[in-house]
Amino acid sequence: MNERLLKAVEDRVDDLVALTADLIRFPTVNPPGEAYAPCAEFLGARLRKRGFETEFVRAEGAPGDSDRYPRVNVVARFDGRSPGPCVHFNSHIDVVEAGDGWTVDPFAGVVKDGRVYGRGACDMKGGLAASVIAVEAFMDVYPDFPGAIEISGTADEESGGFGGVAHLARLGYFSKPKVDHVIIPEPLNKDRICLGHRGVWWAEIETKGEIAHGSMPFLGDNAVRHMGAVLQAFEDELFPALDRKMTRMPVVPEGAKRSTMNINSIHGGQTEDFRPGLPSPNVPDWCRLTIDRRFLLEEDIATVKGEVTGILERLKRERKKFDYEIRDLMEVLPLMTERDAPVVKAVAKGIMEVFDREPDYVISPGTYDQKHVARIGHLYDCIAYGPGILDLAHRPDEWVGIADMVESAKVMAIGLNVLLRGTAG
Ligand SMILES: [Zn+2]
């Protein structure tokens, strides 16, 4: 059993709370990417005191990177006494904007009623703090451990991770032999292991028309009406078909076990403020629609795209003057780490010991930085595991429970012990 390790985590509860609050006090709001450098430096300074080597990597040229808003990432590494695998804890340091509806200051790190409140408390500064405490407790109990431990604080996860994990992965920070196992402490709940996520395809569809005077629409060709036909076909054919596709992936919540598609936006025609308060008097000659299609492990992306282009092509044959263009905006393939992967088994052992039950294995409805670890770093022994309730993320009065952070830090410490010392106790 891991009694000394668990006790070492418990002894650090005040430190854990203080660290979480300190991290929340950096308003690392993205966009625009505020306060990344001081937050990364704060984390690096703490770990340097514990003997970690720290590197600060700015993602120059990444979307949003500028001297005013530098995309600064910190990677800290501690090599143990003897060779062995490397376990990497990766957390994003960026948070989404606070928005309205808060009853506490979102960047004060308020502690009350057994919770730490603030923007990013749950997503994911609480998870970052829990991983730091887990690592420090483990190092104190087993100072002679083999292998290596890395902790990174990375930028821009909320906007796709291009200036964060994707950038580092391109530089080799998320590949063997440097790193073997990756744990991302996103708020998936303390007793669940997140194995991956569904796929994503974002696209923009444009229908074409011909401008004419609004009093004589028959002289032009209305692009918005053409888009109406597209939407009608989606309603009649595509949405019902998507709803029938169920996955074997354990996606949560239940509704996300099916294929889904969101219509993100639709815009068409000339200005709505041609004269103050009055729209353009013209027939719209363009209309643009963006879609966000989330797909399953059982679907391949060519088929996913073909379902949409098939409808557009058919309309082109059947509907007079119908013409369109379609542009890919983003694509991410679905991802699922196997349940018998070493990092999954190690964290599962921790959950069994701390909660006396098997973990739930889940798949996230949306993507997160694991995609870059897999696709760019070619490292597949990666999961998301961390404290916090996902539903609280991005909402007013976001909080993380102190007891939840302590318990998940215990799970992470046991996971480390299994991966580095090859023992569950
Ligand atoms: Zn997150």
Among (1) outside any helix (DSSP H, G or I); (2) surrounded by 24 or more Cβ atoms within 10 Å (Cβ to Cβ); (3) within 16 Å of the ligand (Cβ to nearest atom), which single condition is S131 missing? (1)
Take the residues in the stretch 148-163 that are within 12 Å of the ligand (Cβ to nearest atom) and in contact with a Gly (Cβ under 9 Å, 6 or more places away or on another chain), then tell me which one is modelled with the lowest pLDDT. S159
Selected residue (only one of G101, G120, G126 is within 16 Å of the ligand (Cβ to nearest atom), at positive phi and not aromatic (F, W, Y)): G120
Give me the residue from the stretch 380-417 that is of a type in the set (F, W, Y) and within 29 Å of Y173 (Cα to Cα) and, out of that set, farthest from the ligand (Cβ to nearest atom). Y380
Residue pairs meeting the criteria (Cβ under 6 Å; at least 6 apart or on separate chains; first under 30 Å from P85 (Cα atoms), in the stretch 393-419; second open to solvent by 10 Å² or more (accessible area, probe 1.4 Å) and acidic (D, E)): I414/E353
Would you check which residues across the stretch 377-417 are under 19 Å from V95 (Cβ atoms) and part of a loop (DSSP other than H, G, I, E, B) and list them? G386, P387, G388, I389, A393, H394, R395, P396, D397, E398
Just a yes or no: is a residue in the stretch 86-98 more than 16 Å from the ligand (Cβ to nearest atom) and open to solvent by 10 Å² or more (accessible area, probe 1.4 Å)? no
So for the stretch 69-76 (the condition being among the hydroxyl-bearing types (S, T, Y), in contact with a Gly (Cβ under 7 Å, 6 or more places away or on another chain) and open to solvent by 40 Å² or more (accessible area, probe 1.4 Å)), does at least one residue qualify? yes
Can you go through D140, D144, D113 and tell me which one is of a type in the set (D, E), touching a helix residue (DSSP H, G or I) at 6+ places or on another chain (Cβ under 8 Å), away from the ligand (no atom under 15 Å from the Cβ) and open to solvent by 10 Å² or more (accessible area, probe 1.4 Å)? D140
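Step by step: first the residues of the stretch 245-271, then only those that are over 30 Å from I211 (Cα atoms) and aliphatic (A, V, I, L, M), then the one that is most open to solvent (accessible area, probe 1.4 Å). Which residue is that?
In this case the residue turns out to be M246.
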Given (1) basic (K, R); (2) over 25 Å from the mean Cα position of the chain (by Cα); (3) closer than 30 Å to K7 by Cβ, index of the condition R192 fails: (2)
Residues of the stretch 301-326 classified as open to solvent by 80 Å² or more (accessible area, probe 1.4 Å) and either in contact with a His (Cβ under 9 Å, 6 or more places away or on another chain) or under 22 Å from S259 (Cα atoms) (or both), total: 1
If you go through the stretch 286-300 one residue at a time, how many are open to solvent by less than 50 Å² (accessible area, probe 1.4 Å) and among the acidic types (D, E)? 2
Of the residues in the stretch 164-208 that are open to solvent by 30 Å² or more (accessible area, probe 1.4 Å) and closer than 18 Å to I363 by Cβ, the one that is farthest from the ligand (Cβ to nearest atom) is D191
Can G366 be described as closer than 27 Å to K125 by Cβ, touching a residue at least 60 places away in the same chain (Cβ under 8 Å), open to solvent by 10 Å² or more (accessible area, probe 1.4 Å) and within 16 Å of the ligand (Cβ to nearest atom)? yes
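The values are calculated or read from the model by the stated rules, or taken from the named source; none is laboratory data. These numbers were taken from a predicted model, which means no experiment stands behind them. All Cβ positions, even for glycine, are placed from backbone atoms using ideal geometry, and neighbour counts span all protein chains on display. The protein model used for the area step is the full one, side chains on, heavy atoms only, and it has no ligands, DNA or RNA in it. Shrake-Rupley method; radii C 1.70, N 1.55, O 1.52, S 1.80 Å.
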